[in-house]
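Here is the structure we will look at, set down as structure tokens.
The values are calculated or read from the model by the stated rules, or taken from the named source; none is laboratory data. Because the structure is predicted, anything quoted here is derived from the model rather than measured. Cβ placement follows ideal geometry from the backbone for every residue including glycine, while neighbour counts extend to all protein chains displayed. What goes into the accessible areas is simple: the full protein's heavy atoms, side chains included, and nothing from ligands, DNA or RNA. Shrake-Rupley method; radii C 1.70, N 1.55, O 1.52, S 1.80 Å.
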Amino acid sequence: MRANNQTQGESLMKRFTAFMAVAAVATFGASAAYAEKWDMPMAYAASNYHSENGATFAQCVTDATDGDLEIVTHPGGSLFKGGEIKRAVQTGQAPIGERLLSAHANENPLFGVDSVPFLAASFDDSEKLWKAAAAKLKAALDEENLVYIYAVPWPPQGLYFKKPIQKVADMSGIKFRAYNAATARIAELAGMVPVQIEAAELSQALATGVAEAFISSGATGYDRKVWEHLTHFYDVQGWLPRNTVFVNKDAYNDLDAASQQALATCGEQAAAAGLAKAKELSSFYLKGLAEGGMTVTGPSDGLRSELKEFGDTMTKEWLEAAGADGQAIVDAYKGM
Ligand code: PCA
């Protein structure tokens, strides 16, 4: 009997210990779920204003939630490369991320609304177009398990070459770095050879001759010091594509209302601050290219009108691809 009692006591003790262990895990688990830490992949250089603005946004959310939702940015494609970020957030491998949405226009033409040449080629027009497109873009992201938080434009897009270009015929056969379907289409229309390359790999591609020219903002040429390889920048002002920050919908739905509100409020601030920064830096970047030794000028009249024709063609193509939603966006934009 006695032996039996002792055994019973031991086994009770064991069960109690086991219970405490489970309780400890449950308590720890609960507090871990309460204070979330989110890693935020970003594709562009840490020193770029998008990345700096993203870091300020992350701090804003962390502060506004007293650390309940801590966001830590990982710029430069260090966590996920540009081309992987959208999928990573959709599948929950990352809860939040920043991506050039137009690079996914092949999945949904609406994502390419900001990259139709000459549709919205100034900061003001780009803001209008984005407002006109916002509801439909948010819905398109929602369908892909993503919640829209904010977006910030790049400065106007211009052409980089390593020789003077007077007309489209001068571009024939050049290897042209593309960052989305629209830039690849421009290469095709101009008789160039498109190669898809992330900004993070651009310097390397120019150094090795994988790419010889591209279209982008002064920001990316400046960030990648492209004057080491190229000689001419033509300030075409074709369009202003955006980086968009989105959150995995399941991760979003798991947040309390205060954290969701912090994302919205800090997102609005980030959109305004990022836009102001882009405007402020536009001429600084072009000056930087010139100081690096590049010839920075507008395109010749002939080149400008040839490029405008590409724009007309591509506007038609985009409207065909984007259907009634695309037409509704353009109509709303033109009416603003
Ligand atoms: N820079 C980005 C996209 C547009 C821009 O100005 C890039 O070249 O990848």
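Remark: accessible surface ordering of 86, 175, 287 (largest first) is 287, 175, 86, probe radius 1.4 Å. Neighbours of residue 232 by Cβ distance under 9 Å: Lys/Arg scored +1, Asp/Glu scored -1, total +2. Taken over the chain, the percentage of Cα pairs per 10 Å bin, counting from 0 up to the bin with the maximum distance, is 6, 24, 30, 20, 8, 5, 3, 3, 2, 1, 0. For region 213-336, what does the alpha-carbon gyration tensor say about shape, rounded, prolate or oblate, given a ≥ b ≥ c as the root eigenvalues, a/c under 1.5 as rounded, and a/b over b/c as prolate? Because a/c hits 1.5 or more and a/b fails to exceed b/c, region 213-336 counts as oblate. Which net charge results when you count Lys and Arg as +1 and Asp and Glu as -1 among the other residues whose beta-carbon is under 14 Å from that of residue 208? Cβ neighbours under 14 Å give a net charge of +1. What separates the Cα centres of region 51-89 and region 107-133 is a distance of 24 Å. Charged side chains reduced to their Cβ positions (Lys and Arg at +1, Asp and Glu at -1) give the chain a dipole of some 500 debye around its Cα centre.
For the residue pairs 138/279; 81/277; 128/334, the C-alpha atoms sit more than 18 angstrom apart in 138/279; 81/277. Looking at the chain only, what percent of DSSP beta bridges run antiparallel? Nearest 5 please. Among the beta bridges of the chain, antiparallel pairing accounts for roughly 55 percent.
Highest average first, the peptides 214-225, 99-110, 131-142 ordered by how many other beta carbon atoms sit within 10 Å of their residues are 214-225, 99-110, 131-142.
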